[in-house]
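Everything below concerns the one structure shown next.
Every number in this text was worked out from the coordinates using simple rules, so none of it is lab data. Small disclaimer: the values here were computed from a predicted structure and weren't measured. No Cβ is skipped: glycine too gets one built from the backbone with ideal geometry, and neighbour counts run over all protein chains shown.
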Amino acid sequence: MGKFSNTWSLMGESYQVLKQDKELLLFPLISGICCLLVVASFAIPIIAADSWQPPNREATVGDQVGYYSILFLFYFCMYFVITFFNVAIIACATIRLQGGNPTVADGIKAAMSRFHLIFGWALISATVGVILRMIEDRSKWVGRLVAALLGTAWTVVSFLVVPVMVVENKSPIAALKESTKLLRQTWGEQIISNFSFGMVFFLLAIPAFLLAGFGIFMLVSGSAIIAGICFAVSILYAIILSLIQSTLSCIFQASLFFYARDNQLPAGAAFSRNSMNDAFGPKGD
């Protein structure tokens, strides 16, 4: 409950920034469309070739190399698209937090000027993703547990990488080191996430699931028009929630970066020191 309460506070404070720049929602929308195109470009030929399942232990080295090479390319494309538009959002959020008035063009310009940094971070992220997937594929239970633990640790230490690249223009490796340093010096060695935007938005998405379920019931009952309306509304609601979640997460990342680096709250936002302090677990001794 404490984690839910803190997340709700952080979301509310991030939303105050979004209210001033609603056009930022365009970035995750375009990102989502691009990601769907990436998925389709990989999924269609893979399914057609019936090679979507991970290789088993009896598979040849060539089959394993081929499978994980394609997986790496897929991860790289996805991470590149996501990071590109996250950079645009964080660049705009940074301008707002510093008292400016950002535009969509400012975000695109910032992302284009950091194209090489985004490319490098996508390579690193894809490499980590493939390694975690290989660990997971080795064992159904132990591999998944180890991959989940390592994945969580990676998510935490890399949380401020994109804001560092945006604000300080550092290389991906330098940004990762800076992210880890800032988190440790602000919250200590025992870094534990004390917020989950995904958890809160999952709860907020429950009406969409219920409406879709009602749509299925109406479809079975023969009311196709009502079912179609239910499906359309539930999908639209889920998309809007997803856009807001992505944007708020980036705004929060930018705000947290300034707080960790400068030890003061961003001037252009209504964040409280308590909520920032509670973003991660209590500082170690």
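Looking at the range 110-192, which GluC sites (Glu not before Pro) are in a loop (DSSP not H, G, I, E or B) and have at most 15 other Cβ atoms within 10 Å?
Within the range 110-192, the qualifying GluC sites (Glu not before Pro) (loop, at most 15 other Cβ atoms within 10 Å) are E189.
Within the listed set S14, S246, S223, the residue fluctuating most in the Gaussian network model of the chain (springs between alpha-carbon atoms under 10 angstrom) is S223. The Rg/Rh ratio of the chain, with both radii computed over alpha carbons and Rh defined as the Kirkwood radius, is 1.00. With Cα atoms defining each centre, the range 168-247 and the range 115-160 are spaced 20 Å apart in the structure. Scanning the chain for chymotrypsin sites (Phe, Trp or Tyr not before Pro) lying in DSSP loops with no more than 14 further Cβ atoms inside 10 Å, the longest uninterrupted stretch between such sites is 142-285. Candidates I118, V220, A91 compared by Cα position along the dipole of the chain: farthest toward the positive end lies A91, with charges placed on Cβ. With q set to 0.13, 0.15, 0.17 Å⁻¹, the log10 of I(q)/I(0) for the range 150-282, from the Debye formula over equal scatterers at the Cα positions, is -0.66, -0.77, -0.89. Computed over the chain with a Gaussian network model linking Cα atoms closer than 10 Å, the most mobile of I95, I70, I82 is I70.
Of A174, A40, A111, the residue with the greatest mean-square motion in the GNM of the chain, using alpha carbon springs below 10 Å, is A40.
Listed cross-link partners K109/K181; K22/K109; K19/K109 are compared with a 24 Å cut-off, the Cα-Cα value being larger for K109/K181. Karplus-based coupling profile of the range 246-257, in residue order and whole Hz: 4, 5, 5, 4, 5, 4, 5, 4, 4, 5, 5, 4, with θ = phi - 60° in 6.51 cos²θ - 1.76 cosθ + 1.60 and x standing for Gly or Pro. In this structure, the amide hydrogen of F280, modeled 1.01 Å from its nitrogen in the peptide plane, lies closer than 5 angstrom to those of N194, counting only residues at least 5 positions away or on a different chain.
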